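These notes are about the structure you will find just below.
None of the figures in this text is laboratory data; all of them are computed from the coordinates on show. Keep in mind that what you see is a predicted model, and the values were worked out from it rather than measured. Counting neighbours? That spans all protein chains shown, and the Cβs are built from the backbone with ideal geometry, glycine included.
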Amino acid sequence: MDASLIDANASKESVVKGAPELIAALKQAYRATESKLEETSTPSTYQAVNDRMMSQSDPDTACVRKGSGESRPRYHHHRAIDDHKGVITAVETTPGSIAENRKLMDLLDRHEKNTRCAVRTVVADHKYGTNENYVACQARGITTHMGEAARNRANTGRKQGIFSDEAFTFDPVQNIYRCPAGQILKPRRIHPLRRTLEYKAPARACAVCALHAQCTRSHHGRTVQRHENQEALNVARAQAHSVAARRNRKRRQHLMEASFADAANNHHFKRARWRRLWRQQIQDYLIAAIQNMRILLAHQNPKRSAAAAVALPEWVTSLLLQACFALLIPLSP
């Protein structure tokens, strides 16, 4: 699994800014799809940047910054490929603001529907390694060879140099944790969004503890978060940290980057040809179909490379895309 940003066929000068109410009215006037508004990955208390701006040229896009570059209207292309030959088995196109990890399970469903094969192992980078994705994959019996999200990793950021949650022992009978110094952490509150139960040690006990510097930097006592499906989460993390997972992630990087590079170099993947989300979806489907046909033809004659066997001139690819797109226009909403 992986995703890539695509520059929309709209300049950053086409972006207008205003109050969220004004932008909402403009999007409705431009017939922006309701599903886009429902799929925002930001909490209700946070005002997303794309709630305050919109491209007049293509209102379905979202302004996204790529690396250290500038923010501009973009789409997000989500892709799944098989591990054997790199065949593209599932794709989905969303506005650029939809996070990669939000589409993992949808891509798995599409993969199984298209291939009629059950997923055994999912391989992805750390952006997909959230608690929600780990637990969802375990519930379906899928081995998780995904990197762990940065916010959950030990020895990073504020967590660097202090005990991880795994250093605390859980007692399921008493529903408590014990810290390395033997202090008891009792349940305090539930975090509904994280789906975790927080356990906390008394501040006065932590203040006089000899291991305080290694345990917490807070003056209010150490806390530990336990997910409601912690057992499944532990299994998923163990799979993600295995030798096989690291090996598969290296292979994924080679296969997926080659798939995206081929699309960008030979089929103008990184730039939208037309405007609106449904047209971009057509473009992404056509590019994926052409790539799969090239892979199929190349492996019918294994003595020749994929590029040598079926490399198409740029003008031929362009004509194919335009012809296919013209045929699909009457089917558009």
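Tabulated data for the structure shown
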item: By average C-beta atoms within 10 angstrom, highest first, the peptides 56-63, 125-132; result: 56-63, 125-132
item: Two-site FRET efficiency, H299 against H191, from Cβ-Cβ distance with R₀ of 35 Å, rounded to 0.05; result: 0.10
item: Alpha-carbon centroid distance for the pair the range 185-254 / the range 87-149, whole angstrom; result: 23 Å
item: R0 of 35 Å, Cβ-Cβ distance A207-R120: FRET efficiency to nearest 0.05; result: 0.10
item: Histogram of C-alpha separations across the range 94-195, 5 Å bin width, %; result: 2, 10, 15, 17, 18, 14, 11, 7, 4, 2, 0
item: Peptides 168-175, 8-15 ordered by average Cβ neighbours within 10 Å, highest first; result: 8-15, 168-175
item: Segments 101-109, 245-253 sorted - mean Cβ within 10 Å per residue, highest first; result: 101-109, 245-253
item: Check: the range 155-228 dipole with +1 on Lys, Arg Cβ and -1 on Asp, Glu Cβ, in debye; result: 280 debye
item: Inter-probe distance in nm under a simple model that places probes 7 Å from Cα toward Cβ, at N175 and A264; result: 5.1 nm
item: Leading residue at positive end of dipole, the range 163-238 (Cβ point charges), from A181, F170, A201; result: A201
item: Two-site FRET efficiency, Q230 against K250, from Cβ-Cβ distance with R₀ of 30 Å, rounded to 0.05; result: 0.55
